[in-house]
Amino acid sequence: MTDIFKLLKGTPEDSDYKKKGVIVQGITGAYGSLHAKNMITYGTNIVAGVTPGKGGQKFEDKVPIYNTVKEAVDASGAKISIIFVPAKFFLGAAKEALEAGIKLLVAIPEHVPVRDTMEVLDLANKKGAVIIGPNTPGIMIPELIKIGIMPATPFKAGKIAVLSKSGTLLYEISDALTNAGFGQSITIGIGGDPINGTRMIDAFDMVKDIPDLEGLVVVGEIGGDSEEILAQRIIDIGFKKPTVAYIAGRAAPKEKRMGHAGAIVMGTYGSAESKVTMFNKANIPVAKRPSQVPVLLAGKMQQSD
Amino acid sequence: MRLLEFQAKELFRNYGINLLPSKASTTIEEGRKHAKELGYPFVIKIQVPVGGRGKAGGIQKCQNDDEFELKYPQVLGLTIKGEKARAILLEKMADIKKELYLSLFLNRSKRCYTIIASPEGGVEIESVKNQIIKEVGLGEVSDQVAREVAKEMKLEGKAADDFVDTLQKLAKLTVEKEAELAEINPLAIMQDGSLMALDGKFVTDDNSNFRHDELQKYQEKTEIEERAEKSGFSLVELDGDIAVVGNGAGLVMSTLDMLSDNGGKPACFLDVGGGATTDSVYEALTLISKMNRVKGILVNLYGGIVKTTVVAEAFLKAYDDKLINLPVFARLKGTESDKAKEMLKNSRTKIYDSVEEAINAAVMGIKK
């Protein structure tokens, strides 16, 4: 199983413990450069950028830019990369990263064709690499490392793990958690696509054994059955940490795609009722509003005391 | 995008899947010509992008001219689950021995294509019994795999051979056109043992549109939807009176839920996306101004990627230009939200600290 903390932080013996290098693919684009700057400000160790044709230049006078991921990896030794290229170039960029030895790939682009995602996952499996996304806000350990596009302010270091399909709801709910005194040990953006590199259940497996984990928040939405599968796993392994869920899309009409490529109810498949029913079966309360999440979490914690 | 039956069948025909003779029309004049060419008896089938056509009276047998004159306009005039007829398909009637089910779909949890087949088709997938389910990776279906499925279906002779052929052709079509679902239900065994696709459902991956110019003729979009897409928005029109605008699909869905919980009726779902600018939000307001049913606008923005001041500017400009004359109930949070509030202080946009307050105000404000 993937030790996501080892990938993100390293181990105390590493010379770069807690400052693992990250490569930004598409660092000179408007979107890539904005978020590269934000990540640097947050404290993420951005060691290289990649933009074909701009090799040899420097980003913000500091970060060297390379033409290929291979050159960037050879020069920096980084195992983590974040991709900011238009969706139609994602397949090429992701394959290049995996071939160059990247082990954690954060895939920001929205509108990536599903076939391209499946092809990338196939290669990632062969290479033993983890893909977060596509169509994800990214992954972060608050106050340590941010690999993504999330704003800094909602997050605070703590002991709650947050898994979310949606970006803005991740910010909204983390903000509410932070204000209620619940910091986060890690937040993982699953992404809003039908096919996810790291599924809800994979993300759960990454966080469930965190030694000082005090709670889990799952932010789901209509479409697919990843929430149901997660709820079943929680039942099966008897996971006892206080867990609260939120599901967006209760009022959405059937057979309509609600913004995210994956947010669509087909018949009863993917419906909010199905997800809420399964969470209830797993004894996990489902919040009606984002602001209710910390209240329910506090309630669960009291019960388990 | 979801293709209509006759469009799906066009693709099936191109890939050599067996079909009965059929013709699509949109007027009775055209239909009369097709009736002559096909000859009676045939079936009149409404073309709508939803299931449940048969139960709603959208599929009628037709034996002669009198029946045709009576039934064609009836079927053309139907509305099924809110969907009007896009066309009418006339299809020759067939002598069927048995109905099977066959589909390939994108299996989200297993992250691969999956075949579902059953010897008992002709009903909706939820009720299909004895399902044979086979995962097939990226969608390649070898002769051996197709044979295995045919065997599990207990098909023999010509029916088995035809099934293997149909399944492989359907898989090729699914992969090449990047479908999320390709379904033949029913797949009929005829008296001579041959197989015919009597219905077709085909849903493609919108994100792969850029690779499929040949499918764009099937795209059905209103002017408003087309403009929204051009601006990088996600828009779903609904039938209420409060337009819901926000950034991020999850946040807008959540706002829709809370509005509905409070008795409000959303007029649309409008996600301006991460790359919102003054121009794009102004365009969003332009689109909303074209929806006659809208009586108020509920805005829920969690800035972060989006600067809320950018949105405030767009509102001010929309009022200045007299583009909108509607009350706006807004919750703006995130980068520069204090500045955005200040900018909008004297406008018709009211700013609230929480989304709950904004929703309550919107529901009360619209009732008045």
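Bear in mind that the values in this text are calculations on the coordinates, not laboratory data. All of these numbers come straight from a predicted model, not from anything done at the bench. All Cβ positions, even for glycine, are placed from backbone atoms using ideal geometry, and neighbour counts span all protein chains on display.
Brief remarks on what is shown
- FRET efficiency for B:Asn130 and B:Ile96, using Cβ-Cβ distance with R0 set to 30 Å, rounded to 0.05: 0.95
- Cα gyration tensor category, rounded, prolate or oblate, for the range B:241-314 with a/c compared to 1.5: oblate
- Entry note, chain B: relative contact order of 12 percent, from Cα contacts under 8 Å with a spacing of 6+ residues.
- Residue of A:Ile247, A:Ile210, A:Ile284 that the Gaussian network model of chain A assigns the largest fluctuation, springs spanning Cα pairs under 10 Å: A:Ile210
- Simple Cβ-charge dipole of chain A, Lys/Arg +1 and Asp/Glu -1, about Cα centre, in debye nearest 20: 280 debye
- Based on C-alpha pairs under 8 angstrom that are at least 6 apart in sequence, the range B:301-368 has a relative contact order of 36 percent.
- Summing charges over neighbours of A:Lys18, with a neighbour being any other residue whose Cβ is under 14 Å away from its Cβ, gives +1 when K and R count +1 and D and E count -1.
- Gaussian network model of chain A, Cα within-10 Å springs - most flexible of A:Gly53, A:Gly32, A:Gly43: A:Gly53
- Lysine pairs in the range B:1-115 with Cα atoms under 17 Å, if 8 or more residues apart or on separate chains: 29
- Per-pair calculated FRET efficiency, R0 = 30 Å: A:Leu34 and A:Asp74 via Cβ, rounded to 0.05: 0.65
- Local charge for B:Leu20 was computed over the other residues whose Cβ lies under 15 Å away, with Lys and Arg +1 and Asp and Glu -1, and equals -2.
- Hydrodynamic estimate: the Kirkwood radius of chain B over Cα pairs, inserted into Stokes-Einstein at 20 °C and 1.002 mPa s, corresponds to D of 91 µm²/s.
- Distance between the modelled labels on B:Asp353 and B:Asp192, one decimal in nanometres: 7.9 nm (7 Å Cα→Cβ projection).
- Estimated FRET transfer efficiency when R0 is 60 angstrom, pair A:Tyr269-B:Asn64 (beta carbons, to 0.05): 0.90
- Computed from Cα positions, the angle between helix A:272-281 and the longest principal axis of chain A comes to roughly 70 degrees.
- Rounded if a/c under 1.5, otherwise prolate or oblate - the range B:96-216, Cα gyration tensor axes: prolate
- Summing charges over neighbours of A:Ser81, with a neighbour being any other residue whose Cβ is under 11 Å away from its Cβ, gives +1 when K and R count +1 and D and E count -1.
- Per-residue Cβ neighbour counts within 10 Å put B:Thr174, A:Thr187 in the sequence B:Thr174, A:Thr187, beginning with the fewest.
- For the range B:107-161, applying the loop criterion from DSSP together with a ceiling of 13 other beta carbons within 10 Å to the trypsin sites (Lys or Arg not before Pro) yields B:Lys110, B:Lys129, B:Lys154.
- Summary value for chain A: 12 percent relative contact order, contacts being C-alpha pairs under 8 angstrom separated by 6+ residues.
- In terms of its Cα atoms, the protein assembly as shown spans 78, 62, 57 Å along the principal axes, sorted from long to short.
- Membrane-span-like helices in chain B, defined purely by DSSP H runs whose alpha carbon atoms cover 27 Å or more axially and whose average Kyte-Doolittle hydropathy reaches -1.0, are B:157-177.
- Filtered GluC sites (Glu not before Pro), the range A:33-102: DSSP coil and at most 14 other beta carbons within 10 Å: A:Glu60
- Considering only the protein assembly as shown, percent of DSSP beta bridges that pair antiparallel, nearest 5: 50 percent
- Restriction of the trypsin sites (Lys or Arg not before Pro) in the range B:245-311 to DSSP coil positions whose beta-carbon has at most 13 other beta-carbons within 10 angstrom yields B:Lys290.
- Degrees separating the helix A:30-42 axis from the principal Cα axis of chain A, which is the longest one: 80 degrees
- Dividing the summed -39500 (n - 2.57) terms of all DSSP H runs of n ≥ 4 by the residue count of chain B sets its mean residue ellipticity at 222 nm at -11000 deg cm²/dmol.
- Charge-dipole axis of the protein assembly as shown as Lys and Arg at +1 and Asp and Glu at -1 on Cβ define it, positive-most pick from A:Ala75, B:Leu285, A:Gly133: B:Leu285
- For chain A, calculated [θ]222 nm from helices alone, where every DSSP H run of n ≥ 4 adds -39500 (n - 2.57): -10500 deg cm²/dmol
- Dipole axis of chain A (+1 Lys, Arg; -1 Asp, Glu on Cβ), positive-most option in A:Gly238, A:Pro12, A:Ser226: A:Ser226
- Cα→Cβ-extended label distance, 7 Å offset, between B:Leu78 and B:Ser109, nm: 3.4 nm
- Lys, Arg +1 and Asp, Glu -1 on Cβ, resulting dipole of chain B about Cα centre, debye, nearest 20: 680 debye
- Check: the range A:4-132 dipole with +1 on Lys, Arg Cβ and -1 on Asp, Glu Cβ, in debye: 180 debye
- Spacing of the two label points (7 Å from each Cα toward its C-beta) at B:Leu323 and B:Asp213, in nm: 3.3 nm
- Shape call, chain A: gyration tensor on alpha carbons, a/c limit 1.5: prolate
- Counting 0.36 nm for each residue step from A:Arg233 to A:Leu123 and taking away their Cα separation leaves a gain of 36.9 nm.
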